[in-house]
Amino acid sequence: AGDAAANLELLAPLGVPVIEIPDQKLFSTHRSEMHEKDLWIDAILGTGLKSDVRGLYKDIIDFINSLDKPVFAVDIPSGLNSDTGQPCGTCIRARATATFAFAKTGHYIYPGAEYTGELKVVEIGIPPHVTEAVGPKQFVLTIPRIRSYIKPRPPDAHKGRTGHLLVIAGSPGKTGAAAMTAVSAVRSGTGLVTLGIPASLNPILESQVLEAMTSPLPETKTGSLGKASFEPIMELLEGKRCLAIGPGLGPAPETAKLVHRLLAKSNVPVVVDADGLNNLAGATETLKHCQAPVILTPHPGEMARLTQTSVSSIQNDRIASARKFSVNHKVHVVLKGANTVIAHPDGTVFVNTSGNSGMASGGMGDVLTGLIAGFVTQGYSPEAASHAGVFLHGAAADSLAQELGPFGYLASEVMDRIPGEIKKIVE
């Protein structure tokens, strides 16, 4: 690192052929010889890089990327921002990366995860008390962590002990979202689920959901829920452990007012998704005055509407976006996408690594809402419910991708795989 002579002295006994590139002229001279090398070790730039790569470094990185040769990166692929996972203008595309002591955030946040390739964390002897003093604020979800949340049930357990969830969802044309949210909660192990929907949709949803109960609610002339639904919903909320709002709910102005009132008045944890989030856009101050914990599950577009920014600004620094909103509004944020980011009001952030691109289809978010709400209903903390829901959701999709192929499987099929994934975690 900076001492070429010392590095050459170390490599010589190993019989490793080395080409020095001290300036632009020699780089040009040796390009053809460099092209013949079978293996590349990237140790050009490190974790402190923030600005765009320029000049000779950029030329070398672009040249290496143009070769059909395996590249192995030391600590982090050169050109990758270790905090955001964004390439700084250009970046080495590594087949694998060996990093030291701890993974860096940029290794796990896309597109950084793609540039990193297979990641190996190498222990270098940092004393535990140093780690404890620093107190990392970013973590990766692991199977042991998820396993620690799932407690065995006593043999005399019954549905009254495993909780009762209230789901407020659905509008004309969007009954599937409401149904999948309710059934996913049952798949998570929730004892009872009541689905509150516009009255005209009750015959449809009664035939779609067999294990959940339905409750027809007063509706507006357009068939959505409004102010007339508030008191009946508050009555339904008696005895429930969690409230899920949003899937398929619709964007009507009366519905938006209902969402705000329910958030302000609910005395049980609330999970908010889809139109529940859209109805908060531009008016997120309500979240600061909630009586109970709130979990938001936005995709990048919904997050952009909540923060009144652009999708690109959210995606350019997913961790910072989720953390800032979570801390400022005292809510838990599940920012969906490749390697979902989960931020908590104390500033800690967890990154999930289960799941795959086959999940880019309708209904997946509704299944996740039901899972998280289902775990809250069973007595999990908002943190544990978010972690378990996100991880198992992705794991179920990974199982389907291995069996059926990389895409084309359904959200309802992911939902049906949840019990099996719980079994794998427990065992």
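Would you grab the residues whose amide H sits under 5 Å from the one on Gly226? Only those 5+ places off in sequence or on another chain, please, with H modelled 1.01 Å from N.
Amide H neighbours of Gly226: Thr220.
Given labels modelled 7 Å from the Cα in the Cβ direction, how far is it in nm from Trp40 to Thr222?
5.5 nm
When the Debye formula is applied to the Cα atoms of the range 91-201, each taken as the same point scatterer, what base-10 log of I(q)/I(0) results at q = 0.11 Å⁻¹?
Results for the range 91-201 at q = 0.11 Å⁻¹ read -0.71.
Within the chain, what percent of beta bridges assigned by DSSP are antiparallel, to the nearest 5?
Numbers: 9 of 45 bridges.
Roughly 20 percent of the DSSP beta bridges within the chain come out antiparallel.
Give me the Debye-computed log₁₀ of I(q)/I(0) at q = 0.13 Å⁻¹ for the chain, equal point scatterers on Cα only, no solvent, two decimals.
-1.08
Exceeding 28 Å between C-alpha atoms, which entries from my cross-link table qualify? They are Lys137/Lys240; Lys120/Lys324; Lys159/Lys423; Lys265/Lys330.
Lys137/Lys240; Lys120/Lys324
Given a Förster distance of 41 angstrom, what is the FRET efficiency for Ala292 paired with Phe102, based on the Cβ-Cβ distance and rounded to 0.05?
Efficiency, from the Cβ-Cβ distance: 0.75.
Once phi is turned into ³J(HN,Hα) by the Karplus curve 6.51 cos²θ - 1.76 cosθ + 1.60 with θ = phi - 60°, what whole-Hz value does each residue of the range 224-238 show in order, with x for glycine and proline?
Once rounded to whole Hz, the list reads 9, 8, x, 5, 5, 7, 4, 5, x, 5, 4, 5, 5, 6, 4.
Quick one: which residues, 5+ away or cross-chain, put their amide H under 5 Å from the amide H of Gly85? H built at 1.01 Å from N.
Residues meeting the criterion, in which the H sits 1.01 Å from N, are Gly106.
Give me the base-10 log of I(q)/I(0) for the range 200-300 at each q in 0.13, 0.14, 0.17, 0.23 Å⁻¹, Debye formula, one uniform scatterer per Cα, rounded to two decimals.
-0.45, -0.53, -0.79, -1.41
In nm, what is the difference between 0.36 nm times the number of residues separating Ser66 and Lys159 and their Cα-Cα distance?
27.5 nm
Once the dipole of the range 101-187 is set up with Lys and Arg at +1 and Asp and Glu at -1 on Cβ about the Cα centre, which of Gly125, His164, Gly176 lies farthest towards its positive end?
Ranked along the dipole, the leading option is His164.
Which of the trypsin sites (Lys or Arg not before Pro) found in the range 124-165 are loop residues per DSSP with 10 or fewer other Cβ atoms within 10 Å of their Cβ? Each step should come with its number before you reach the end.
Working: sites: Lys137, Arg145, Arg147, Lys159, Arg161; in loops: Lys137, Lys159, Arg161.
Listed in order of number, the matching sites are Lys159.
Work out how much length Leu404 to Glu238 would gain on full extension: take 0.36 nm times their residue separation and subtract the Cα-Cα distance, in nm to one decimal.
55.5 nm
Applying 1/(1 + (r/R0)^6) with R0 = 41 Å to the Cβ-Cβ distance of Glu231 and Val311, what FRET efficiency is obtained, to the nearest 0.05?
For R0 = 41 Å, the calculated efficiency reads 0.65.
What do you get for GluC sites (Glu not before Pro) in the range 205-310 restricted to DSSP loop and a cutoff of at most 11 other Cβ within 10 Å of the site's Cβ?
Values: sites: Glu206, Glu211, Glu219, Glu235, Glu238, Glu254, Glu285, Glu302; in loops: Glu211, Glu238.
Answer in residue order: Glu238.
Give the calculated FRET efficiency between Asp416 and Ile143 to the nearest 0.05, with a Förster radius of 25 Å applied to their Cβ-Cβ distance.
Calculated value: 0.75.
Would you mind telling me the share, in percent, of accessible area of the range 29-161 contributed by carbon and sulfur at probe 1.4 angstrom?
56 percent
Any idea what the dipole of the chain comes to, in debye rounded to 20, about its Cα centre with Lys/Arg Cβ at +1 and Asp/Glu Cβ at -1?
The dipole magnitude comes to about 1200 debye.
The values are calculated or read from the model by the stated rules, or taken from the named source; none is laboratory data. Everything numeric here is computed off the predicted structure, so don't read it as measured data. Counting neighbours? That spans all protein chains shown, and the Cβs are built from the backbone with ideal geometry, glycine included. To get the accessible areas, we keep the full protein, side chains included, count just its heavy atoms, and leave off ligands, DNA and RNA. Shrake-Rupley method; radii C 1.70, N 1.55, O 1.52, S 1.80 Å.
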